[in-house]
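Right, one structure below, let's go through it.
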Amino acid sequence: MQWNGINLRWAYTDLLLSLGRKTQCMQRAHDVLHDAFIRFILASQRVDIAQPNAYLRRVAHSVLIDHYRDASRLLPLPEGDMEPWMDTRENGEFAPSAEHLADLQQRLEAIQRILACLPPRCREVFWLARIEGHRQVEVARMLGISSTMVERHLARALLDLREAYELFAS
């Protein structure tokens, strides 16, 4: 069974099992494979791909790296003992305490004030890189500036945030 030059039987047996072994999760392996299919079809519209199966395997590997990179940005909640900022409800659900929510709100407002004081381009670079999670090379391409300028804008934003944090924390 072929689809755009790809042997689907191979993709859903060998490639999917290989991804499953690497991820230790078949659901994630399916997600990676389907994301790879999307990237493959987008790439095949621009250029002719001589070895579709090999190309799909390489794309799947890149997608897998991207999935791990995205997952590394998230921190799991601790299991076991309840954290001091958690409040227990009657039905066993957990919710942040009112004090913790007020503290978070104050911190977010302070960050918003700091970001509002940054130059527009610096603020835009910070947003794309740190909030939306784009890589610096992608941000440079999106904004039409050099990677060096992206680094400078990020450094400025992070220094301003660090300085404000030190003032806020003391």
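Only the coordinates and a few stated rules stand behind these numbers; no lab work does. All of these numbers come straight from a predicted model, not from anything done at the bench. In this analysis, Cβ positions are derived from the backbone assuming ideal geometry, glycine residues included, and neighbour counts consider all displayed protein chains.
Shape class for region 2-72: oblate, because the ratio a/c of the largest to smallest gyration tensor axis (alpha-carbon atoms, square roots of eigenvalues) is 1.5 or more and b/c is at least a/b. A protection proxy built from the mean count of other Cβ atoms within 10 Å ranks the segments 133-142, 99-108, most packed first, as 133-142, 99-108. Neighbours of Y68 by Cβ distance under 15 Å: Lys/Arg scored +1, Asp/Glu scored -1, total +2.
From helices alone, the chain scores -21000 deg cm²/dmol at 222 nm; the rule is -39500 (n - 2.57) for each run of n ≥ 4 DSSP H residues, then divide by the residue total.
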